[in-house]
Amino acid sequence: MSEEIKKDAVPKVKSIKKMREIMTAYYIDAKTARQNNKKVAWITSGGPVEPLYVMDVIPVYPENHGAMIGASKMGVGLCETAENMGYSRDLCSYARADIACSTVNGGPIGGLPEPDFLVCSNNICGTVLKWYEVQARYYNVPLFIFDTPFCHTEFSIEARHYVEKQVLEYIDFLEKMCGKKFDQDKAREVLDYSYEGQRLWREVLETARSKPAPLSAFDAFFHLALIVTLRGTKTVVDYYTELIDEMRQRAADKIGSIPNEKYRLLWDNLPVWYKTKWLSDKFASHGACLVADTYTSAWCKQLDYIDKSDFVKSMVDCYTMIYLNIGVDQMVDTVKGMVEKYDVDGIVMHSNRSCKPYSLGQYDIQRMIQKATGVPSVMIEADMVDERSFSESQIDTRIDAFMELIKQKKG
Ligand code: SF4
């Protein structure tokens, strides 16, 4: 039998207030960019953002906006608007929501600021190519495509040269768009902040190794926005430094993210933004905390590839070797490493109708992890933004059955 969760049993995380203030200020800056003679670039979540900060361009992430749309439960309306425009329901719901949002200035912040240009990298998926082409036509602005070859098993010399050439072309493109030279000193500073921000983000996530975990994957989904949108700035470094202190103190005081942690789970794939609270409460009712996830940890993986003395090489390696641009074997290694690092009892896999590159290999990963570690997993079929793909009763039953299995296994 599951337990009732005692509301307010866990003290609130103080940093949340600051995080909200930072994100509000970031969107105000972006929305007032024109008045302040600044340029705005829309960029994909896996796109090289550091060069934009070097050039004082404000990067705006339609995917981050998509997450806000999902969390505000505005996804269905916008997805339906896109479908009425002729876009298939099979298309990624971030893309559908964003394309629709532009035409109605909808969503939780009344639409994104208009872009001066777009930057799209296909290191996360092929969908973004067409999505960004559509938006470049809609706003009648230039589009830079940063093409990264898929790294099934290795990143060859030829592929490396190919990507390097594009980093240089990207810098040329930015110089033309901004009418000024790329400042190498500023590039070093931005790369340092990017490295430090990611190092600190990794430390934030690793506080969840403590038992009980002071931070859950659901908390990490919330605190992730800064490393995505402001990576390469001092704001991120300052914020995560404070967050680590708070999380370490909570760990020392044995304050868990959930009231009574008995089981530790790993989450795979994007969050179900409109159901994070429901899912968090559901698992907590079984004494289960999702202590880690493959999604938020992808934003510190680039640390392994940053060479602080070489900006261009860092961009090449960081943005080619990201989680969705590597083969299933490497993904399995990553998941296996996390199972051990966070000492998890089970894995929850979100088979995400929207995100094919994240979801296609999941059944293989599930099988391979089960074979290698014996750790059981459950597959939940849903969508990150489009609530029509979430069957609460079915998922409720599936989680109950999975937790029974975990309880029996752990004894
Ligand atoms: S398909 Fe997946 S990777 Fe591509 S934009 Fe959508 S959520 Fe992101």
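The values are calculated or read from the model by the stated rules, or taken from the named source; none is laboratory data. A quick note: this is a predicted structure, and the numbers were derived from the prediction, not measured. Here the Cβ is made from the backbone with ideal geometry for all residues, glycine too, and neighbour counts use every protein chain on show. With ligands, DNA and RNA removed, areas are computed over all heavy atoms of the protein, side chains included. Shrake-Rupley method; radii C 1.70, N 1.55, O 1.52, S 1.80 Å.
The value of relative contact order for the stretch 248-407, using C-alpha pairs under 8 Å at least six residues apart, is 25 percent.
Summing -39500 (n - 2.57) over the DSSP H runs of n ≥ 4 in the chain and dividing by its residue number, what mean residue ellipticity at 222 nm do you reach, to the nearest 500 deg cm²/dmol?
Details: 17 runs with 211 residues, N = 411.
Value at 222 nm, helices only, nearest 500: -16000 deg cm²/dmol.
Carbon-plus-sulfur accessible fraction, the stretch 62-128 (probe radius 1.4 Å, protein heavy atoms only): 49%. Enumerate the amide H contacts of Tyr295 below 5 Å, restricted to partners 5 or more residues apart or on another chain; note that Pro and chain-start residues carry no placed amide H. Sorted by chain and number, the residues that satisfy this are Asn269. Annotation for Tyr363 and Lys186: the two label points, set 7 Å from Cα along the Cα-Cβ direction, are 5.0 nm apart. Hey, if you put +1 on the Cβ of every Lys and Arg and -1 on every Asp and Glu Cβ in the chain, which of Ile16, Gly46, Val339 ends up farthest toward the positive end of that dipole? Going by the Cα projections, it comes out as Ile16. Remark on Ile347: its backbone amide H falls under 5 Å from those of Leu266, Ser377, Val378, a criterion applied only to residues 5 or more positions apart or on other chains, H modelled at 1.01 Å from N.
Our estimate of slack between Glu175 and Lys371, defined as 0.36 nm per intervening residue step minus the Cα-Cα distance, is 65.4 nm.
Give me the Å³ per residue figure for the convex hull around the C-alpha atoms of the stretch 149-189.
For the stretch 149-189, the hull spanned by Cα atoms encloses 92 Å³ per residue.
Here the extension length gained between Arg20 and Ser309 equals 100.7 nm, from 0.36 nm per residue of separation less the Cα-Cα distance.
Would you tally the net charge around Asp310, using a Cβ to Cβ cut-off of less than 14 Å, leaving Asp310 out, and scoring K and R as +1, D and E as -1? Intermediate results must be reported in sequence, preceding the final value.
Numbers: positive: Arg160, Arg188, Lys308, Lys313; negative: Glu50, Glu164, Asp192, Asp307, Asp317.
So the environment of Asp310 carries a net charge of -1.
For the stretch 225-363, the mean projected area of the C-alpha convex hull, equal to one quarter of the hull surface, is 9.9 nm².
In terms of its alpha-carbon gyration tensor, the stretch 158-286 comes out prolate; a/c meets the 1.5 threshold, and the first ratio a/b outweighs b/c.
So what is the orientation-averaged projected area of the chain, using the convex hull of its C-alpha atoms, in nm²? All intermediate terms of the calculation are to be shown ahead of the outcome.
Values: hull surface 76.6 nm².
It is 19.2 nm².
3J(HN,Hα) along the stretch 369-386: 5, 4, 5, 7, 10, x, 6, x, 9, 10, 9, 10, 8, 7, 8, 6, 10, 8 Hz, from the Karplus curve 6.51 cos²θ - 1.76 cosθ + 1.60 with θ = phi - 60°, whole Hz, x for Gly and Pro. Put simply, the amide H of Phe146, placed in the peptide plane, has neighbours under 5 Å in Cys120, Ser121, Asn122, leaving out anything fewer than 5 places away on its chain.
Of the residues Phe173, Phe390, Phe218, the one that moves most in a GNM of the chain with alpha-carbon contacts below 10 Å is Phe173. Estimated from the Cβ-Cβ distance and a Förster radius of 45 angstrom, the FRET efficiency linking Met85 and Lys410 is about 0.35.
Please give the per residue volume of the convex hull enclosing the alpha carbon atoms of the stretch 281-385, rounded to a whole number of Å³.
Working: hull volume 13.0 nm³, N = 105.
Spread over its residues, the Cα hull of the stretch 281-385 gives 124 Å³ apiece.
When the chain is treated as a GNM with alpha-carbon contacts under 10 Å, the residue of Ser309, Ser121, Ser45 showing the greatest mean-square fluctuation is Ser309.
Counting only protein heavy atoms and a 1.4 Å probe, the chain has 42 square angstrom of accessible area per residue. Sequentially through the stretch 288-304, phi angles give Karplus couplings (6.51, -1.76, 1.60; θ = phi - 60°) of 9, 10, 7, 8, 7, 7, 7, 6, 5, 6, 5, 7, 10, 5, 5, 3, 5 Hz, Gly and Pro residues having no value and appearing as x.
Report the relative contact order of the stretch 178-337, percent, no decimals, based on alpha-carbon pairs under 8 angstrom and at least 6 residues apart. Each step should come with its number before you reach the end.
Values: 195 pairs, mean separation 43.2, N = 160.
With pairs under 8 Å counted, the relative contact order is 27 percent.
Rounded to whole numbers, the Karplus 3J(HN,Hα) couplings from phi for the stretch 136-146 are 5, 5, 4, 8, 6, 10, x, 10, 9, 9, 9 Hz, using 6.51 cos²θ - 1.76 cosθ + 1.60 with θ = phi - 60°, and x at Gly and Pro. Across the protein chains, with a 1.4 Å probe defining accessible surface, the residues Cys178, Cys289 rank Cys178, Cys289 from largest area downward.
Find how many whole Å separate the alpha carbon centroid of the stretch 198-237 from the alpha carbon centroid of the stretch 60-89. Rounded to whole Å, the Cα centres lie 26 Å apart.
The relative contact order of the chain comes to 19 percent, based on Cα pairs under 8 Å that sit 6 or more residues apart.
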